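Asker: This structure is in structure tokens; I'll ask about it shortly.
The values are calculated or read from the model by the stated rules, or taken from the named source; none is laboratory data. Since the model is a prediction, treat every value here as computed from it, not as a measurement. Glycine gets a Cβ as well: all are built from the backbone with ideal geometry, and neighbour counts include every protein chain shown.
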């Protein structure tokens, strides 16, 4: 059942049941504004999730009897249909006809989608996100050449609306709860791997995995946190009591603490066993001490602290880096801890960069 109520619905935040009740085909709806808001919601759903989380099966069962789908496969499936949509919309614009269900395994879309899922889980999540953005841009570039009346007619609606709006809404019903489950696991320190730290004798392969994980985590930081305007870093909202600046300053202090511990170990040959006071008290004291630091300075210290800790870790032998003590201090301070905080603040950071959805760049509102 749909509704044409004029009461505003927030497509980015309202429950999906509310979104599904909207008649997006109604002449009063702004097709491009709706698409932009749903796109924003789509990107926020997985923000901050670690690369390793993308490949985990369990997001949803296969409708064609295959293994459970992962987040990567769901997102890749959206990419796949965006890329197909470019072809069939261009064909229509060149004088052809819209496809029919029979063009896709005789209308068996479950079978069709199942046999096309294979490549997506193997694509690196960063590359997959970039390909998704490109595919969306490409679809919009051709779809905006269609008159509003054409988009809303019976032949076109299921092919244009569905790929730009309906498909994302359908998959958000799977992605949002699955991402919420993964997010909580990441906050609690689940690496989504058997062990992301070097192990055993600190083999070159294991050490390479350690540094690959470090690069992945800070790529996520660059993607999510740096775009947030500095004037918003001191707003409440990312977590109940901490601002983005608080989270960043907190990570800085752990970078510094980890580097101090490595320096002590280098001088004495012994690992520090614990903080000078309890963990919660230490965290509260250090965050309070940095509340007056400007956001730009907190970011500068973040870069310096990361560089100092990474440089200290690079002085360690493979055997030292593989030790349990290094796992607790070096892995946790350098990137395990950052992963947890990215899971906490990722969605808020994405929302903080949202623009006014009244006008999607490159598209005029219908009726203008």
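Asker: Go through the range 224-255 and count every residue that is without any contact (Cβ under 8 Å) to a residue 60 or more places away in the chain and either part of a helix (DSSP H, G or I) or in contact with a strand residue (DSSP E or B) (Cβ under 9 Å, 6 or more places away or on another chain) (or both).
Answerer: Here the count works out to 6.
Asker: Taking the range 164-183 as the search range and keeping residues that are at pLDDT below 95 and out of contact with any helix residue (DSSP H, G or I) (no Cβ under 7 Å at 6 or more places or on another chain), which one is surrounded by the fewest Cβ atoms within 10 Å (Cβ to Cβ)?
Answerer: 170
Asker: Here's a follow-up. What about residue 27, is it surrounded by fewer than 16 Cβ atoms within 10 Å (Cβ to Cβ), under 26 Å from the mean Cα position of the chain (by Cα) and modelled with pLDDT under 95?
Answerer: Criteria not met by residue 27.
Asker: Say whether the condition of being in contact with a helix residue (DSSP H, G or I) (Cβ under 6 Å, 6 or more places away or on another chain), in contact (Cβ under 8 Å) with a residue 12 or more places away in the chain and within 17 Å of residue 209 (Cβ to Cβ) is met by at least one residue in the range 298-312.
Answerer: No, that holds for no residue.
Asker: Related question: Out of 192, 210, report the one residue that is surrounded by 13 or more Cβ atoms within 10 Å (Cβ to Cβ), assigned by TED's automatic domain parsing to the domain that holds residue 342 and out of contact with any strand residue (DSSP E or B) (no Cβ under 7 Å at 6 or more places or on another chain).
Answerer: Unique residue meeting the criteria: 210.
Asker: Follow-up. In this structure, does residue 101 turn out to be more than 17 Å from residue 38 (Cβ to Cβ) and touching a strand residue (DSSP E or B) at 6+ places or on another chain (Cβ under 6 Å)?
Answerer: Here the answer is no, as residue 101 does not meet what is asked.
Asker: Just checking: which of the helices (runs of 4 or more DSSP H) contained wholly in the range 43-162 hold 1 or more residues that are surrounded by fewer than 18 Cβ atoms within 10 Å (Cβ to Cβ)?
Answerer: 71-93, 109-115, 125-143, 148-151, 154-161
Asker: Another one. Of all residues in the range 6-25, which are part of a helix (DSSP H, G or I) and in contact (Cβ under 8 Å) with a residue 60 or more places away in the chain?
Answerer: 16, 19, 20
Asker: Let me ask another. If the requirement is being part of a helix (DSSP H, G or I), out of contact with any helix residue (DSSP H, G or I) (no Cβ under 9 Å at 6 or more places or on another chain), in the same structural domain as residue 213 (by TED's automatic domain parsing) and within 25 Å of residue 206 (Cβ to Cβ), which of these qualifies: 325, 264, 320?
Answerer: None of the others qualify; the one that does is 264.
Asker: Something else: Residue under question is residue 258, and the condition is that it be closer than 16 Å to residue 341 by Cβ and assigned to a helix (DSSP H, G or I); does it hold?
Answerer: yes
Asker: Follow-up. Kindly evaluate residue 141 against the criterion of being under 15 Å from residue 32 (Cβ atoms) and modelled with pLDDT under 95.
Answerer: Taking the combined requirement at face value, the residue does not satisfy it.
Asker: Further, regarding this structure: With the condition kept exactly as written, say whether any residue in the range 283-297 is under 27 Å from residue 46 (Cα atoms), modelled with pLDDT of 90 or more and part of a helix (DSSP H, G or I).
Answerer: Looking through the range 283-297, at least one residue is under 27 Å from residue 46 (Cα atoms), modelled with pLDDT of 90 or more and part of a helix (DSSP H, G or I).
Asker: From the list 170, 138, which one is free of Cβ contacts under 8 Å to residues at least 40 places away in the same chain and either out of contact with any strand residue (DSSP E or B) (no Cβ under 6 Å at 6 or more places or on another chain) or closer than 30 Å to residue 339 by Cβ (or both)?
Answerer: The conditions single out 170.
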